[in-house]
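Visitor: Before we start, here is the structure in question, set down as structure tokens.
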Amino acid sequence: MTNDDVIHRSRLRLFALAREMGSVRAACRLLGVHHSTYYRWRRQLVRFGPELLRPRERRQPRMPNAIPPMVEQRILALALAYPGWGPDRLSLELGREKWGGLKVSANGVWRVLKRHGLNT
């Protein structure tokens, strides 16, 4: 039996226990579930059936403002070609047409350099 199955059974058990005891709050208190959570689960149970009480798979968080790998490669190439330039200068140069007109803040450049051990 998987962990999801155990969670699903315990949620269903909460409903059975509340029915037996005649008190939702007492059953919730006994199993350590807040009564508002019980009512949210009950709405889901009534609308969609018991299968929806299974734990949902969580999506991996995305970082929409993350620097794309291609831009990171350009930052590293430029930093290695010109080791005397700091994040401010690298950011300025990357913004020029010569380097592709990439808009990256100096702080973003610094974070990339730090991630690859090139910050000083």
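Derivation of every value follows stated rules applied to the coordinates shown; laboratory data play no part. Since the model is a prediction, treat every value here as computed from it, not as a measurement. With ideal geometry, Cβ positions are generated from the backbone for all residues, glycine too; neighbour counts draw on all protein chains shown.
Visitor: Quick one: in the stretch 49-82, which of the residues that are in contact (Cβ under 8 Å) with a residue 12 or more places away in the chain and more than 25 Å from Gly101 (Cβ to Cβ) is surrounded by the most Cβ atoms within 10 Å (Cβ to Cβ)?
Guide: The selected residue is Leu53.
Visitor: Could you check how many residues of the stretch 11-32 are exposed (fewer than 13 other Cβ atoms within 10 Å of the Cβ) and within 17 Å of Leu45 (Cα to Cα)?
Guide: Here the count works out to 3.
Visitor: Would you check which residues across the stretch 1-10 are surrounded by fewer than 12 Cβ atoms within 10 Å (Cβ to Cβ), in a helix (DSSP H, G or I) and among the hydrophobic types (A, V, I, L, M, F, W, C) and list them?
Guide: Val6
Visitor: Give the residue that is farthest from His116 (Cα to Cα), with candidates limited to residues of the stretch 23-80 that are among the polar types (S, T, N, Q) and outside any helix (DSSP H, G or I).
Guide: Only one residue tops the list, namely Ser23.
Visitor: Find the residue count for the stretch 100-116, including only residues that are in a helix (DSSP H, G or I), aliphatic (A, V, I, L, M) and under 11 Å from Ile67 (Cβ atoms).
Guide: 2
Visitor: Is there a residue in the stretch 53-65 that is in contact with a Gly (Cβ under 7 Å, 6 or more places away or on another chain) and on the phi < 0 side of the Ramachandran plot?
Guide: No, the stretch 53-65 has no match at all.
Visitor: Oh, and also: Only residues that are surrounded by fewer than 16 Cβ atoms within 10 Å (Cβ to Cβ) and not in a loop (DSSP other than H, G, I, E, B): list them for the stretch 83-92, please.
Guide: Answer for the stretch 83-92, where residues must be surrounded by fewer than 16 Cβ atoms within 10 Å (Cβ to Cβ) and not in a loop (DSSP other than H, G, I, E, B): Asp88, Arg89, Leu92.
Okay, residues lined up against (1) more than 27 Å from the chain's Cα centre (by Cα); (2) among the aromatic types (Phe, Trp, Tyr):
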site: Cys28; (1), (2): yes, no
site: Met63; (1), (2): no, no
site: Trp85; (1), (2): yes, yes
site: Ser91; (1), (2): yes, no
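Visitor: Considering each of Gly49, Gly86 in turn, give the residue that is among the small types (Gly, Ala, Ser) and farther than 30 Å from Asn3 by Cα.
Guide: From the options Gly49, Gly86, the qualifying one is Gly86.
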